[in-house]
Amino acid sequence: QGDLNVSYSPWDEKNNRIVHFQTPTRAAFFGASHATAVKSQEKKVFSKTCVIIDSTTHLKDIPFSDRFVVVERWVFCSDHQ
């Protein structure tokens, strides 16, 4: 999606990591062209066939906004045993 300067920390012993990046604001006329983002991720392994990653992304430098937060849950499950 055009993210820049993406850097990941390794997963720690509690299955957490931090991702830093800059993402386009798509604000053609006002403010910065990219917002600074910090994403905290937690990985939960339930079995060999099911993993969930919960993420919270905090964005700064969004035009007309002080801050912006995105909460995501990605579920990866397979029917294959």
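The values are calculated or read from the model by the stated rules, or taken from the named source; none is laboratory data. These numbers come from a predicted model, not from an experiment. Cβ placement follows ideal geometry from the backbone for every residue including glycine, while neighbour counts extend to all protein chains displayed. With ligands, DNA and RNA removed, areas are computed over all heavy atoms of the protein, side chains included. Shrake-Rupley method; radii C 1.70, N 1.55, O 1.52, S 1.80 Å.
Quick look at the values:
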read-out	value
GNM flexibility winner over the chain from Ser33, Ser47, Ser65 (Cα, springs under 10 Å)	Ser47
Mean Cα-pair separation over length for the chain, i.e. relative contact order, pairs under 8 Å, 6 or more apart, %	22 percent
Cα Rg, Dmax, the chain, angstrom units	15.5, 52
Probe 1.4 Å, accessible area per residue of the chain, Å²	77 Å²
Lysine pair number, Cα distance threshold 23 Å (strictly under), the chain, separation 8 or more or different chains	5
In the chain, chymotrypsin sites (Phe, Trp or Tyr not before Pro) in a DSSP loop with at most 14 other beta-carbon atoms within 10 Å	Trp11, Phe29, Phe30, Phe64
Magnitude of the charge dipole, the chain, Cβ model with Lys/Arg +1 and Asp/Glu -1, debye to 20	40 debye
Rounded percent of accessible protein surface that carbon and sulfur make up, the chain, 1.4 Å probe	55 percent
Sum of side-chain charges, Thr23 neighbourhood, beta-carbon under 12 Å (Lys, Arg +1; Asp, Glu -1)	+1
